[in-house]
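Rule-based calculations on the coordinates, nothing more; no lab input. Values in this document were obtained by computation on a predicted structure and should not be read as measured data. Counting neighbours? That spans all protein chains shown, and the Cβs are built from the backbone with ideal geometry, glycine included.
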Amino acid sequence: MGGVIRAVRVPLSQNVYTGSDDHIHIDWLYKYRFVRDVIAPIAERMCAIKPIRYSEILELDRKIREFEVPPGWEDFLTVCPDSQSQSHSDPASGSGADASPPSETDLNIDILRYNSGTIREMALLYVHRHFFARAMLDSPLKPLSTPYASSAVAAYASAITLLKIVRAYFG
């Protein structure tokens, strides 16, 4: 891969790092690294003139799945938020008209969790979409019997996870 897209450095401006919550700083830096190290190579390869080989798709999948998550972020990548930081507009969360409004920190954690959960799944869905379609076209009744079964499973699982995330936050 040429590396033209990845030649951008992390901005060193103090404005970028200031904020009232450490999560915002970590979130910004994590997303920057994810885009630089994972999304940019995916975009570069998927937009190339030469058709992509299935082995390259599997390598991109590995890169997405093995991307290092910051320490303590495992709970941010769960599909459904816990009861403490559940969507505050969700009637099922128990917050009625007499409930106190969510704090800024609660909203920041909700946004962090939503973004962290969706960015990875959308990348997986994007990478596997072509070979998912090939599996469905080659064998509509048994897509898992095709050589592209891994893409069929990955795309399906990512789509389900994205739907669960959207349902958890927007009910």
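The ratio of the alpha-carbon radius of gyration of segment 121-171 to the globular-protein estimate 2.2 N^0.38 Å is 1.22. Computed extension length for Ala157-Met46: 37.9 nm, one decimal, from 0.36 nm per residue of separation with the Cα-Cα distance subtracted. Given their separation in residues at 0.36 nm each and the Cα-Cα distance between them, Lys164 and Leu58 gain 35.7 nm when the chain is fully extended. Modelled spin-label separation between Ala149 and Lys31, with each label point placed 7 Å from Cα along the Cα-to-Cβ direction: 3.8 nm.
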